[in-house]
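All remarks here apply to the structure that follows.
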Amino acid sequence: MMGNMRRGIPSLMKEGTKQLSGLEQVVLRNIEACKQLADITRTSYGPTGMNKMIINHLEKLFVTSDCATILKESEIAHPAAKMVVLASQMQEGEIGDGSNYLICLAGALLAEAEDLVKMGLHPSEIVAGYTKAGAKAQEILDELSVFEINKQEMRDVKKLTQAINSSVASKQYGCEQLLSPLIAEACLTVLPKSTANFNVDNVRVAKILGGNLEQSEVIKGLVVGRDTVGYVKKVENANVAVFTCSLQAAEAETKGTVRIENAQELMDFSQGEEKEIENLIKGIKDSGVNVIVTGGSVDDMALHFIEKHGMMCIKLSSKFELRRLCKAVRANALVALGPVRKEDQGFCSKVHVRELGSSRITVFAQDKMDDTSVATILLRAATNNVLNDVERAVDDGVNVVKAMGKFQPAKFLAGAGASDIELGRRLAAWGEKTAGLEQYSIAKFAKAFECIPRALAENAGHDALDLISQLYASHEKGNHSVGVNVVDGSLLDATAANIFDLHATKAAALRLATDAVVTILRVDQIITAKQAGGPRVPKGGPHWDDTDM
């Protein structure tokens, strides 16, 4: 009987449990999965990075070089690769930029760790060396700052444009001179007194198909992507009333039956209903309101009286859009029709309908003198794919401003791979003085930083090996700001070329990448429990989802 028992760990678990252990089955296999993930995103790194075409489970098409979108829509299943994906999602949540940098670095660290494992080092020794190297790298990173922007300088549009430029160029190379000033202007419009309280949701993006990117503009206020309900298309010095209810006569809570016996009674009934709705609309008009915004439907009779009194009416179906409009015009949303108190009314300098391409939009714009808490960047482009990709670049630029306000004073490092080569060089020099087996791990950690200038060079079609050797030679001479010129494959002074990376972005990415790599290297066994339930339901066509039986 004893001879028939299952041996090892599976004997502890339910039948059907899978268990993997050892270097070959676990450590090296996990490293390989993460390297493959890094290979996917690395070709999209930098201003000359390639686009990926992703078709998700709903057959929606994405054409982008944005790492966060690639990972979100790809649905990575491998558990070790998922750890790196979770780290990149944390980076996107904390900073809003630098997720591709994190994955490239994590992939390079694991590739170097693979060499050490094959040399005979135990994963625990690699983890100890990597932990030390990660802490030292953070210290060195603080010393590599080339300039700072304080709270007062953040209100200078030129300084803000300079800070945003590199982040936008990495997504939309060639358009950064056009987009960066627009993003800076929009952010300055809504920048609060305390920069740490800057809210990225206050900078909206309105995408209009048709035209070209040069026709994009910033609107101080909110843009609603629909036309007004009635004939009034323009109101200046508008007093705005926002209702969450429908614009129609009040209805009884219970169903009532009215018995009408002749034509006169029918006329009297409809006149009474008309009188009621007219009094409601007149009460709103007498309050000083000339623009009505509703989250519900608009009755034909109510619309007739709204236009009779010369008021504009617009219907918003999204409750989130209704909230943003309340914030933009500083109005309070009301739940019932009737006269509107002055303190509940919002003010807008100009509400008007614009026709752009084949679309009609309603613009709630404030004059320079009037304050607003919402700014909108109106983007124009020929295709939806381009519009979506430009929107992601704008999102990265706005998140850079958020990180600058959060981490004050905002420090900047030399871009174009200059800070990475210098960081690796200094870390390697420090590692040589470290005793014990940890120095091998530190040396490999330092070498991993070469992946960034290598990716920049390879994605631009240049010889990476030659460029990296030139970079090391230049940095040894004290030229700490020298990086990769993606245009012609030569060296350039990143500081002189105004190419900067935000310190907070790289520091967070370095910390999260190190944590993810250390966690993966600590795994020595994988135990997969038996799946619960009976046989799986076979998947149907392309539109199948979890709710289908």
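Taking Cα atoms only, the orientation of helix 263-286 departs from the longest principal axis of the chain by about 60 degrees. Across every pair of non-identical alpha carbons in the chain, the mean reciprocal distance, once inverted, gives a Kirkwood radius of 27.4 Å.
Using only the alpha-carbon atoms, how far is helix 99-119 inclined from the longest principal axis of the chain? Give it as 0 to 90 degrees, nearest 10. So the inclination is approximately 20 degrees. Computed over the range 262-391, the range of Cα coordinates on each principal axis works out to 64, 34, 23 Å, biggest value leading.
If you take all other residues with their beta carbon under 11 Å from the beta carbon of F449, and give Lys and Arg +1 and Asp and Glu -1, the sum is +2.
Shape analysis of the range 391-502 places it in the oblate category; the axes a ≥ b ≥ c from the Cα gyration tensor give an a/c of at least 1.5, with a/b not above b/c. Computed on the range 333-434, the Cα convex hull volume stands at 259 Å³ per residue. The calculated 222 nm mean residue ellipticity attributable to helices in the chain amounts to -14500 deg cm²/dmol, summing -39500 (n - 2.57) over DSSP H runs of n ≥ 4 and dividing by all residues.
Scan the chain and report its longest stretch carrying no chymotrypsin sites (Phe, Trp or Tyr not before Pro) that are both in a DSSP loop and have at most 13 other Cβ atoms within 10 Å. Longest run free of exposed loop sites: 232-543.
A cut-off under 13 angstrom between Cβ atoms defines the neighbours of P339, and their net charge, with Lys, Arg +1 and Asp, Glu -1, is +1.
Within the chain, DSSP assigns beta bridges of which about 70% are antiparallel (rounded to the nearest 5). In a fully extended conformation the segment linking K234 and V335 would gain 33.8 nm over its present Cα-Cα distance, using 0.36 nm per residue.
Specify the angular offset, from 0 to 90 degrees and rounded to the nearest 10, of the alpha carbon long axis of helix 176-190 from the longest principal axis of the alpha carbons in the chain. That helix lies at roughly 60 degrees to the long axis. Dipole orientation for the chain: of the candidates A38, S170, V203, A38 has the Cα lying most toward the positive pole (charges on Cβ; Lys, Arg +1; Asp, Glu -1). Would you mind classifying the range 484-526 by shape? Square roots of the alpha carbon gyration tensor eigenvalues, ordered a ≥ b ≥ c; an a/c under 1.5 is rounded, otherwise it is prolate if a/b is larger than b/c and oblate if not. It comes out oblate by the Cα gyration axes.
Restricting the calculation to Cα atoms, the range 26-78 yields a radius of gyration followed by a Dmax of 12.3, 36 Å. Number of Lys-Lys pairs in the range 326-446 with C-alpha atoms under 18 Å apart and a separation of 8 or more places or on different chains: 6. Placing +1 on the Cβ of every Lys and Arg and -1 on the Cβ of every Asp and Glu, with nothing else charged, gives the chain a dipole about its Cα centre of roughly 760 debye.
Values in this text are rule-based calculations from the coordinates and carry no lab data. Being a predicted model, the structure only gives us computed values, none of them experimental. Virtual Cβ from ideal backbone geometry, glycine too; neighbours counted across all protein chains shown.
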